[in-house]
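All remarks here apply to the structure that follows.
The values are calculated or read from the model by the stated rules, or taken from the named source; none is laboratory data. Just so it is clear, the model here is predicted, and its values are computed rather than measured. We place every Cβ from the backbone using ideal geometry, glycine too, and count neighbours over all the protein chains shown. Quick note on the areas: whole protein, heavy atoms, side chains included, nothing else; ligands and nucleic acids left out. Shrake-Rupley method; radii C 1.70, N 1.55, O 1.52, S 1.80 Å.
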Amino acid sequence: MTLQKQTSRHGKQLEMAILTTVWEQINKVGYQELTIKEVAQLAHTNTNTVYRHWPNKAVLVLAACAQFGPKPKNTAFQYWKAAR
């Protein structure tokens, strides 16, 4: 049996691993039960790394929602422009 050496992830690869974990957890346990510590553990990183990119849980969840959530067909600006 061969053991694979885990390489460190940086940049976009690390960001996507964290945001994917947040999206999965928010759908599984909800916002109230979501913790940065658990996200870091599940994403195989540490809490300092998560906080380096996102200052708090709310901003982290918003980033995950922006990445994976439904995209609106029309923006508020488009609605405003059409109403003029």
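Some notes on this structure:
- The residue that is most open to solvent (accessible area, probe 1.4 Å), among those in segment 42-57 that are part of a helix (DSSP H, G or I) and closer than 21 Å to Lys12 by Cβ, is Arg52.
- Thr2 passes every criterion in (1) modelled with pLDDT of 90 or more; (2) part of a loop (DSSP other than H, G, I, E, B) apart from (1).
- Selected residue [open to solvent by 80 Å² or more (accessible area, probe 1.4 Å), modelled with pLDDT of 95 or more and out of contact with any Leu (no Cβ under 8 Å at 6 or more places or on another chain)] from Glu33, Glu38: Glu33
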